[in-house]
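Only the coordinates and a few stated rules stand behind these numbers; no lab work does. Keep in mind that what you see is a predicted model, and the values were worked out from it rather than measured. Cβ atoms come from the backbone with ideal geometry, glycine included; neighbour counts cover every protein chain shown.
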Amino acid sequence: NPIVRLEDYRPSDFLIDSVELDVKLHPTETRVVATLAMRPNPEGRSDAPLALDGDELKLKTVALNGRTLADEEFEASPQSLTIAQAPRQPFTLTIETEINPTANTKLMGLYRSGGNYCTQCEAEGFRRITYFLDRPDVLSVYTTRIEAERGDAPVLLGNGNPIESGSIEGSGRHYAIWHDPHPKPSYLFALVGGRLGRIAKTFATMSGRAVELAIYVEPGKENRADYALDALERSMRWDERVFGREYDLDVFNIVAVSDFNMGAMENKGLNIFNDKYVLASPETATDMDYAHIEAIIAHEYFHNWTGNRVTCRDWFQLCLKEGLTVFRDQEFSSDERSRSVHRIAEVKTLRARQFLEDSGPLAHPVRPTQYREINNFYTATVYEKGAEIVRMLKTIIGEEDFRRGMDLYFERCDGTAATVEDFLKAFADVTGRNLSHFARWYEQSGTPRVKVKGQYDSGAQTYRLDFAQSTPATPGQPRKDAMAIPVALGLVAHDGLPLNATCERVDERGVFLFDRPEDGITFTGVTSLPVPSLFRGFSAPVKVSLDLPNEELLVLLRHDTDAFNRWQAAQTVAMRLLAARSNGADVADAEIDAFSAALASFMERDAQEDPAFAALVGTLPSEADIAQEIGQNVDPDAIHRARSEMRRRIGLSCARHLRRFYESMTDLGPYSPDAASAGRRSLRNASLDLLAAADPSAGEALAVRQLESASNMTDRLASLSVLTTLPGAVREEAVARFGERYRSEPLVLDKWFTLQATIPEDGTLERVKGLMQHPAFSIANPNRVRALIGSFAMLNQVQFNRADGAGYRFLASIVLRTDELNPQLAARLLTAFGTWRMMESARRSHAEEALRSIAQKPNLSRDVGDIVSRSLE
Ligand code: HT7
Ligand code: ZN
């Protein structure tokens, strides 16, 4: 498979100014006629042939300026259409293809989901609909005519605005024509045809234009889309207020489908969503589901400016739209909810997914320089670390200049296919700063380590901080340069009183820019021994080591004005204890009890004001976090034992507080998904979890009572989750009853699959295999596969990493099976092997054997072939 390289980029030899698509929908023989207004690109080669991309296409006819071409005038295969002698002036190319949406199990291009027709074109799916210059720097104005049996597909949707619709006399068929005036790349094309229910409302934009917002879902589930519609309206208002961005069409449609490879897709004016991120009711969705729906609705909407109006020149620039849009959705959620709680959640995800990726065989820069399969680069690094880079930029230049830079970026790049350089140049120009060193964040992979040493001189009343940075080698990058790291910091006195210390290297926003291998700064006017609070708000995606004794970390937990660092202090102490215990070191129970007592008192302090924060403080690092901290020769069983034991001891020593939280944090009224109510539920359920760890039989009774009386899915699922940690007949009965109750609710059954797949017991692999026979499970549906098998592999540390290698062999067999249907899904599952090299040697060799068994199979997809070979390198 050829490798695509950033350095080989050159402009397209031809351009397509407009596209007229005529799509006659049919379950197995859909006809597509594409009429392309083309011309040679003045920036391209003047003697180049016209080479159009295709993928599994059946060509019917091709005509140039209305004349059907004879066979010898072009070369066609399912993968390409080439005309050697293309005209050197503007011309019209008309191509007719036939496609089979029912047979399309890859869920790319035009396919069927739940009997409806839908499309997915990012990154390279449009070429599965018609031959095209399927690259993001070819921007065209689209007009789409969609025709179908009215009975099969009464709803017909396209990009842009609806301009005409009608019946085709005497045929039972009808059509709709959509026109999108905004030039766009083919990956933003979409159409939908089907039987769908609808909810709608009118939105008045900041300049007073009326926009019809609508969400289409499976008929009968319309009221489950109310929250998503409300989130859409709030997102639109927020983008106007915070970034000055207004919506630009007469309609904005969202369609929810149940077979989807990712979360959602930002097609211009016609977002298509995985129904998991649209449908919610108190009975079926948890607080976390509501928060995800809000974030993803916002994310896709925000793409209208960061991705659609300003798109990417090539797929290497993916972070330009994804990192920036994640940053924007994070800011939206922080404004709508609790900023500190949200920041902690973001960082937990970043560390669990991106730091992990950065430390394993699949590490790559935020802007990769080469790929074999672009679908494998929709990663935590591109999205999450990409967002952190934008956040760091804002931290360094400040809020006002950040907004001015964004305005300039939109002004300059609107209607173009841009690069990371264009983005950074806007900020360099408004601030007069040279951002070339900062740009290294896009190029260098791996998570920088920052070592810090503090020294207090009581005589001089100074406090010196010495910093040293290094970044470990990653695939293809053996040596690293120093990064420009913004360190937001402050000093905290042991008694919590303000310290009026100053340091000229720290700017007015409290930020020191650490951009050399080593550097040191000195604070003056430090009247008592301080505790440094570093990387406040997690100001840079780095790993920090600073040898503060546990007592000083507890000073931060008590007194830091930065909520993130208060939480971080508790996590650091917990991690030290857990990692030491997992490694077999002697940690006195008394030390754990002292930590527990401190935790309980801080949770108590925060519980009334910010219960969600208190719940986070009381939640231990996960088994995967501990494995990452240990980093080599990992024994997941030892980690599991250490963490379980620590939960038990915390539960025991904090029981009084936990019981009080459990009893007081009940709902204040009918269920509402707002952050305050969700926070109360999270503290209540975190308390239940610890109480059950300390006293399983009392915990079981509490959980059973909660399961029976719960008025919402958050509390019901939390109690079932506690029960799954307690083996026995009560658990089995509760699990069976839950499965029965929700047998016709696939999205709830996904939660049920996940709970069972993550039971850390020996029988779980057999249970997972058994559940694959459940009538609701389907190997062709990505949500089902991810819920059952993805969760087993990604979330069940002890059972996926079984010492006998059975977990690895199972995953390998599933990867091979899914690869035949849906390579994108198979490749995602395969990334669960990303941690194999950090395991102890027996597990390591089982994992390697499983990976080799995949690698040696003939006819692997490019997606799986790429991941497996990089995993073994
Ligand atoms: N821009 C989208 C990324 C995407 C995707 C979505 C659905 C199915 C396949 C896909 N391939 C890439 C989603 C987003 O980040 O907003
Ligand atoms: Zn996105």
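Below is a table of values for the structure above.
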| read-out | value |
| --- | --- |
| Mean separation of Cα contacts under 8 Å, 6 or more apart, over the residue count of the chain: relative contact order % | 8 percent |
| Cβ-based exposure ranking for Trp836, Trp305, in which fewest neighbours within 10 Å come first | Trp836, Trp305 |
| Helix axis angle, 420-431 relative to the chain longest principal axis, alpha carbon, degrees | 60 degrees |
| Coil-residue GluC sites (Glu not before Pro) of the range 496-552, DSSP, other Cβ within 10 Å capped at 14 | Glu504, Glu508 |
| Mean separation of Cα contacts under 8 Å, 6 or more apart, over the residue count of the range 449-540: relative contact order % | 37 percent |
| Packing rank of 359-368, 372-381, where each peptide gets the mean count of other beta carbons within 10 Å, highest leading | 359-368, 372-381 |
| Spatial separation of Cα centroids for the range 153-205 and the range 552-620, in angstrom | 54 Å |
| Helix 399-413 vs. the chain, principal-axis angle (Cα, 0 to 90°, nearest 10) | 10 degrees |
| Distance between the range 491-535 and the range 737-769 - C-alpha centres, whole angstrom | 50 Å |
| Two-decimal ratio, the range 705-774, of alpha-carbon radius of gyration to 2.2 N^0.38 Å | 1.04 |
| Using alpha carbons only: equivalent-ellipsoid semi-axes of the range 259-399, gyration tensor based, whole Å | 23, 19, 17 |
| Using distinct alpha-carbon pairs, which all enter the 1/r mean, Kirkwood radius of the range 529-647 in Å | 14.9 Å |
| Gyration tensor verdict on the range 176-318 (Cα atoms; rounded if a/c is under 1.5, prolate if a/b is larger than b/c, oblate otherwise) | rounded |
| Cβ-placed point charges (K, R +1; D, E -1), dipole of the chain about Cα centre in debye, nearest 20 | 880 debye |
| Inverse mean reciprocal Cα-Cα distance (Kirkwood Rh) of the range 794-872, Å | 12.3 Å |
| Global geometry of the range 302-384, whether rounded, prolate or oblate, following the gyration tensor of its Cα atoms and the 1.5 cut on a/c | oblate |
| Between the range 67-110 and the range 2-52, the alpha-carbon center distance in angstrom | 9 Å |
| Fraction of antiparallel bridges per DSSP, the range 4-195 only, in percent to nearest 5 | 90 percent |
| Nearest 10 degrees, 0 to 90: helix 655-664 Cα axis against the chain principal axis | 50 degrees |
| Selection from Leu616, Thr102, Pro636 lying farthest towards where the dipole of the chain points positive, charges on Cβ | Pro636 |
| Residue among Phe753, Ala803, Ala842 farthest towards the positive dipole end of the range 746-873, charges placed on Cβ | Phe753 |
| Kirkwood Rh and Cα Rg combined as Rg over Rh, evaluated for the range 261-339 | 1.00 |
| Dipole of the chain, positive direction: furthest Cα of Val242, Thr82, Gly323, with charges on the beta-carbon | Gly323 |
| Ratio of the Cα radius of gyration of the range 387-501 to 2.2 N^0.38 Å, where N counts its residues | 1.39 |
| Kirkwood Rh and Cα Rg combined as Rg/Rh, the range 340-439 | 1.00 |
| Principal axes of the chain: Cα extent on each, largest first, Å | 88, 66, 59 |
| Shape metrics for the range 4-195, restricted to C-alpha atoms - Rg then Dmax, Å | 16.5, 56 |
| Per-bin percent of Cα-Cα distances, the range 449-540 [10 Å] | 16, 46, 26, 9, 3 |
